[in-house]
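Worksheet: one structure, shown below.
The values are calculated or read from the model by the stated rules, or taken from the named source; none is laboratory data. It should be emphasised that the depicted structure is a prediction, and the values quoted were computed from it without experimental measurement. Don't worry about glycine lacking a Cβ; one is built from the backbone with ideal geometry, like all the others, and counts go over all protein chains shown. Ligands, DNA and RNA are excluded from the accessible area calculation, which covers all protein heavy atoms including side chains. Shrake-Rupley method; radii C 1.70, N 1.55, O 1.52, S 1.80 Å.
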Amino acid sequence: MTPTDRTHRTVDVLVIGAGPAGLALAARLAAAGVDRVEVLDREPQAGGVPRHCHHTGFGLRDLRRVMSGPDYARHHIAAATRAGAVLRTSVTATGWAAPRTVDITGPTGLERITATAVVLATGARERPRSARLVPGTRPAGVLTTGQLQQAVHLHHQHVGRRAVIVGAERVGYSAVATLRRAGAEVAAMVTDQPRHQTHPARHLATRLRSGFPLVTDATVTELTGQGRLESVRLRHRDGRTAAVACDTVVFTGDWIPDHELARSAGIALDPGTRGPAADAEFRTGEPGVFAVGNLLHPVETADIAALDGRLAAGPVLRHLAGRPWTPGALPVRVEAPLLWVSPNRIAPDGPRPPRGRFTLRTTRFLTRPVLTVAQDGRTLHRGRLPRTVAPGRPFHLPADWIVGADAHGGPVRITVD
């Protein structure tokens with residue numbers, strides 16, 4: 001098929017990804033009077049991950065009320081369509097034909113869409129067993145949390161009777177609830193950390209309901225079973241090994257952004273988040289291309305992603321009004337044991353990050369750490385956090401030090417003393 005066989009259209013804003021971030025942004029832009037706001041999603045239904053998360057807890061930060069995942073997804077879908085945005089599902093963006101021009105394929109065939117602004121809201125996914133390089137046989141019964149939730153809540157499939165959960169972050173506890181709903185027993189939750197990484201109250205309540213053992217300082221080293229999973233082999237930090245009998249294993253957390261479309265556009269990726277490098281106004285290095293939600297910070301809760309979408313509406317509107325494309329270009333880096341920082345590009349004389357702070361993640365527990373922000377050997381900020389920070393949970397750094405950075409200097413580095 002030649003390029004002339006494609007239908008070529010133009011829109012004001014093309015949003016790729018119909019999760020909470022993309023839908024919230026589309027609703028704001030359409031309500032602000034932008035004529036042609038189009039949202040694409042490769043899934044058959046809009047709403048993103050929340051549509052197959054049947055537990056409650058969604059909406060507290062952005063909607064000021066608590067609801068289930070499917071209800072939360074329906075709320076954002078309704079808000080976007082009511083405002084006038086066009087939602088299209090089962091549509092995949094396959095590549096770029098030119099700046100801000102995207103080739104797509106869907107039920108109606110091949111299209112090419114040119115937009116004044118393109119917003120990448122493609123989210124993040126959990127690393128599957130193959131990407132974690134876990135050896136062993138290849139039996140049935142090996143899932144990620146997303147696959148588990150879709151099997152149980154969307155397709156009503158049987159997922160096994162006895163499961164091991166790998167990971168003790170928030171999403172691991174969501175997997176426990178899904179397995180209970182499916183009638184499966186949790187044989188163990190395994191983490192390579194010295195303790196769980198969720199809120200203590202949630203951990204206690206889940207343990208009281210389900211009674212499973214939490215195995216700490218251990219990793220999964222092998223899967224065994226022919227046809228169906230039969231056991232997982234664990235190695236403890238002290239070298240001891242053990243096998244846990246099970247017919248299902250759920251790999252949770254260990255998120256990676258869905259950054260393929262950004263990469264194919266030549267957009268620079270941040271080495272920490274592995275998502276597009278972006279400034280405080282969600283601008284990437286590609287003129288007219290924004291990035292929002294968990295594509296930028298894998299991962300935060302759905303309501304934080306939705307707040308990103310709302311906050312990005314202002315910068316997108318200013319771009320539509322003709323503001324020059326001058327994103328912050330000074331990199332902000334972190335050093336181990338810190339994992340990433342967002343936003344990761346700044347302009348010393350530019351806008352502050354959303355909510356006036358940077359969001360960070362760590363790879364291990366840190367007790368009231370002292371963070372130092374420095375550039376070219378010069379200290380811009382130094383302060384102690386008031387609490388212990390845990391892997392898989394965000395913590396924050398005030399942004400008031402930005403004015404002291406040199407726009408022409410080397411990267412800003414954040415370290416733990």
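A few notes on this one:
- Taking amide hydrogens as placed 1.01 Å from N in the peptide plane, the amide H of V215 sits under 5 Å from those of M189, V190, T191, each at least 5 positions away in sequence or on another chain.
- Where GluC sites (Glu not before Pro) fall in DSSP loop in the range 182-232, at most 16 other Cβ within 10 Å: E230
- Couplings for the range 390-400, taken from phi via the Karplus curve 6.51 cos²θ - 1.76 cosθ + 1.60 with θ = phi - 60°, read 10, x, x, 10, x, 9, 10, 10, x, 9, 5 Hz in order; Gly and Pro are left as x.
- Residue-wise HN-Hα couplings along the range 131-142, as the Karplus relation 6.51 cos²θ - 1.76 cosθ + 1.60 with θ = phi - 60° gives them from phi, are 6, 8, 6, 8, x, x, 6, 10, x, 6, x, 10 Hz; Gly and Pro carry x.
- Accessible surface of H319, taken over heavy atoms with a 1.4 Å probe and every protein chain present, rounds to 30 Å².
- Inter-part distance where the range 127-167 and the range 355-404 are each reduced to a Cα centre, Å: 35
- Surface composition of the range 258-321: carbon and sulfur make up 56 percent of the accessible area, probe 1.4 Å.
- In the chain, a dipole from Cβ-located charges (positive for Lys and Arg, negative for Asp and Glu) runs towards its positive end, and of P271, G356, G410 it is G356 whose Cα lies farthest in that direction.
- Karplus-derived 3J(HN,Hα), 6.51/-1.76/1.60, for each residue of the range 96-103, Hz, glycine and proline x: 10, 9, 6, x, 6, 10, 10, 8
- Under the convention that each Lys and Arg Cβ holds +1 and each Asp and Glu Cβ holds -1, the size of the dipole of the chain around its Cα centre is about 1040 debye.
- Accessible area (Å², 1.4 Å probe, nearest 10) - I77: 50
- Counting only heavy atoms of the protein chains and using a 1.4 Å probe, H55 has close to 50 Å² of accessible surface.
- Protein-only accessible surface order, largest first, of W255, W401 at 1.4 Å: W255, W401
- Solvent-accessible area, 1.4 Å probe, carbon plus sulfur percent, for the range 157-210: 48
- 1.4 Å probe accessible area per residue over the chain, in Å²: 43
- Accessible carbon and sulfur surface of the range 1-100 relative to its total accessible area, %, 1.4 Å: 50
- Among R361, R162, R209, residue whose mean-square fluctuation peaks in a GNM of the chain (springs only between Cα atoms under 10 Å): R209
- For the set M189, M67, the ranking by accessible area, highest first and with no ligand, DNA or RNA atoms included, is M67, M189 under a 1.4 Å probe.
- In the chain, helical runs assigned H by DSSP with n ≥ 4 each contribute -39500 (n - 2.57); averaged across all residues and rounded to the nearest 500, the mean residue ellipticity at 222 nm is -6000 deg cm²/dmol.
- For T144, net neighbour charge (Lys/Arg +1, Asp/Glu -1) across residues whose Cβ lies under 12 Å away: +2
- Over the chain, Cα pairs under 8 Å with separation of 6+ residues give a relative contact order of 15 percent.
- Descending semi-axes in whole angstrom, ellipsoid equivalent of the chain, from the Cα gyration tensor: 35, 29, 19
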